[in-house]
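What follows is calculated from the coordinates using simple rules that are stated; it is not laboratory data. Note that the coordinates shown come from a computational prediction; the quantities given were computed from them, not determined experimentally. Note that we place each Cβ from the backbone using ideal geometry, even for glycine, and neighbour counts take in every protein chain shown.
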Amino acid sequence: MKSSAMREMMALTERPEVISLAGGLPDTSTFPAEEFAAVMADVSRDSARALQYGPTEGMALTTRCIAEVMAAEGTKVDPSEVIVTTGGQQVIDLVCKTLIDPGDVIVAEAPTYPGAIPTFSAYQASVEQIEMDSDGMPIDALEETLDRLAAEGRRPKFIYTIPNFQNPGGVTMSLARRRRLVEVARERELLVLEDNPYGLLRYEGEPLPTLYSLDSLAAGREGASDLVIYLGTFSKILSPGLRLGWAVAPRPVLEKLNLGKQGADLCSSPVTQMFVAAYFAHGGSAQSSWLRYVERLRDLYRTRRDAMFSALEEQFGEHAEWTRPEGGLFIWATLDERIDTTDLLALATKQGVAFVPGRAAYMDGRSGSSSMRLNFAGVSEEDIREGIRRIGRTIRTQLDLLGSLSGRPPEQRRPAAEQPPSADRPMADVVALPPRAKPGSGRRSADR
Amino acid sequence: MSGPRRVAVLKGGRSLERAVSLRSGAQIQAGLERLGYEVHGLDAGTSLVPELLELKPDAAFVALHGRDGEDGTIQSLLEALEIPYTGSGPSSCARCTEKVLAKQLMLEAGIPTAPFLPLRETSIRDLGAGAALGAIEADLGFPLVVKPAKGGSAFGVKFASDGHELPEAMVGAFSYDGTILLERHIRGRDLAVSVLDGEPNHALPVVEAVPREEEFFDYESRYEIGMTTFVCPAELPAETTTRAQQLAVEVYDLLGCHGFARVDLMLEDGTGELWVLEANVVPGMTETSLLPQAANAAGLSFDELLERMLASAFDRRQGSAGHTK
């Protein structure tokens, strides 16, 4: 584990005076307290059941809601193929527990979900990270990696991907790549773990089909994928405090996950499962109240995302590049390659602001050192503006210092006059890390 | 029973080493409880002093690393509150924590410490000190270690193997402190000598830390079990062991330490020279820490070590610089 120094530092960011853009938090303050009370009152009408153990695979009344959520994203699923878990995180853990022996290979995106890194490490997986561009994981690069692994006699146990508004990259896998990924998985008979916590939190653009639905289409059996393990969660569309997520998986995998879950915690909380069921039943017929709440979250987060975009434009300006997520919770910003964002965080926490240093998204704990993940969903617009202003100030402090020490002006990530990156502009060098040094601008340039 | 019974273990705090401190504190608390003390763990936050005033402990066991705990802040407060505390006093803490001051004192006393130059961020901003870098590089030579003047646990410690890596390394180190040191890198073996009052010659057996994979004994390997192999007593020629222990005690006396301290040294490859890096007045007490290992090699159990450390709270001589008369 290479990230302990960072963990220590992150512990300091939890102080109340620190504006934290580091969390993965949704905004739970928007959930009406009266509605919470009403839903809990419904749950209490069947208190004996709520207070009892439940089935390991989850309660049928909850899996029905899960099927409804997935249908809202255009994915048909048989509720009996669902396993309810204690947060989406448990799916990652159970899949590793089920499939990974020490040394086994997982292919993941670069950067990848920082919360998956400790899990992969704990199971001693060997993780191959594929650098993304603005369309997510390039499948040709994936195939090259798979070929290389095959030549070494190694076969990945699964491919881990977050196709929508990737955490931390903020990019979305294009439809063409989704199709190709499913083809590649089928050709090579490889499992794919599709982590989709934010799919419904889309603020612009057209929704794309899930890998699960594409694979079941290819299998010719709607609602039953051969190779995709789908991971969903109520954390971002309702509440992380419920600790409820789920997996939909091919039958043999599902059975193993079930066995693993029995050993881990027997079942997820019936209280919160019944909360979900009661909540989904609320609001009557016309439009489900849960979808109305998601719609409200979308409006809120879209505004906050846009506030962060303009704050970044103003404060980071030509000193950084950042992704333009169409949804989700995170923006990934990349600075001058000579700035180490882990060090920058030490300075930033003194200024009362925090972010996740890019290294946290890499297994080697070294790559991504000039990048940072910024959460725009869990903080007010005012805090976003102030937080980005403070980070901008620390960046300028460091760049000024670098300038005085190296006798050359700060490297410009992009010309000041250029328009901000638009959604369709190739952003390979925004996401791909570490940023490739351009001739004449790199640290080891010819002027030495 | 007579003697101190109620002990406050001060831990946590706001420093970057908070997590390590909490682990040290937990080990100390468990040990003191085994010894029959009434133990109160206090996380050093905004209510620390009111809590101390209410608790009225017979002694405070300082397990705070880094800022506040090692720079003399807490020690001054405890003196004001008239609560006896473990380890070194405020002035000694200040001398040890300020690496520039500590190294200058060592040089003046003829104790070998790696050639270095301190630099303040303000001198670069306000005096154009960046222009002196070339001369500094020529003087010290590469590779250089760049480190914040305060703080332990290798936070912000960087390597620069040439002039082009230096600005980046310096900016990194300046993130942790307004003053940094550029120090000539001594390639060799990492040694630590813990000094404990009451030991014959005051020095415990030498510990060698052998990093497993990192090229540098960094934060991770220092605190993660299994990242580093410790050898204690270090396998060294007898005269090297003696010299390392002598140097440690000299530094301990020079900086006015009290009770216990850990002195880190490098044994240079090739020359066999010993170089003192720094002295730590609040050594780590986690399961992988060096002081407990050294004590163990000297036949002292963890709990016996704690008793000795706690005793240091009660034999402080006012105005005395060190343990020697």
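Distances over 40 Å make up what percent of all Cα-Cα pairs in the protein assembly as shown?
In whole percent, the long-distance tail amounts to 43.
Just round it to a whole percent: the fraction of Cα-Cα distances in region A:15-156 exceeding 22 Å.
I get 64 percent for the Cα pairs in region A:15-156 exceeding 22 Å.
Using alpha carbons only, how many angstrom separate the centre of region A:273-336 from the centre of region A:155-229?
21
Once you've got the Cα coordinates, tell me which of A:Lys97/B:Lys147; A:Lys157/A:Lys261; B:Lys56/B:Lys103; A:Lys350/B:Lys103 are over 31 Å apart.
A:Lys97/B:Lys147; B:Lys56/B:Lys103
Go ahead and estimate [θ] at 222 nm for chain A from helices alone: -39,500 (n - 2.57) per DSSP H run with n ≥ 4, summed, over the residue count, rounded to 500.
Computed ellipticity for chain A at 222 nm equals -13000 deg cm²/dmol.
I need two numbers for region B:87-157: Rg to one decimal and Dmax as a whole number, Cα atoms only, in Å.
Cα only, region B:87-157: 13.8, 42 Å (Rg, Dmax).
For region B:6-87, report the translational diffusion coefficient in µm²/s to the nearest whole number, using Stokes-Einstein at 10 °C, 1.306 mPa s, and a Kirkwood Rh over Cα pairs.
129
Just checking the output field for B:17-24: average partner chain Cβ neighbours within 10 Å of each residue's Cβ?
Mean partner shielding for this stretch: 2.
What translational diffusion coefficient, in µm²/s and rounded to a whole number, does the Stokes-Einstein relation yield for region A:44-281 at 4 °C and a viscosity of 1.567 mPa s, taking the hydrodynamic radius as the Kirkwood radius over Cα pairs?
Rounded to a whole number, D works out at 72 µm²/s.
At 7 Å along Cα-to-Cβ for each site, give me the label-to-label distance between A:Leu25 and A:Arg45 in nm.
3.4
Direction-averaged shadow area of the convex hull around the Cα atoms of chain B, nm²?
17.0
Taking the highest mean first, how do the peptides A:136-143, B:266-273 order by number of other beta carbon atoms within 10 angstrom per residue?
Answer by packing, highest mean first, reads A:136-143, B:266-273.
What's the magnitude of the charge dipole for region A:108-222 around its Cα centre, counting Lys and Arg as +1 and Asp and Glu as -1 at the beta-carbon? Answer in Debye, nearest 20.
Dipole of region A:108-222, to the nearest 20 debye: 320 debye.
Using the membrane-span-like helix rule (whole DSSP H runs, Cα extent along the own axis of at least 15 Å, mean Kyte-Doolittle hydropathy at least 1.0), which helices of chain A qualify?
A:60-72, A:270-281
Evaluate peptide A:397-403: per residue, the Cβ atoms of other protein chains within 10 Å of its Cβ; return the mean as an integer.
Other-chain Cβ atoms within 10 Å of each residue's Cβ, averaged: 4.
In what order do A:Val182, B:Val49 fall by count of nearby beta-carbon atoms within 10 Å, going from fewest to most?
Ranking A:Val182, B:Val49 by Cβ neighbours within 10 Å, fewest first, gives B:Val49, A:Val182.
Counting pairs of alpha carbon atoms under 8 Å apart in space and at least six apart in sequence, what relative contact order in percent does chain A give?
Normalised by residue count, the contact order of chain A is 23 percent.
What aspartates and glutamates could a cross-link reach from B:Lys99, if we take a straight Cα to Cα line under 15 Å and drop same-chain neighbours fewer than 8 places away?
B:Glu70, B:Asp71, B:Glu108, B:Asp177, B:Glu183, B:Asp264, B:Glu278
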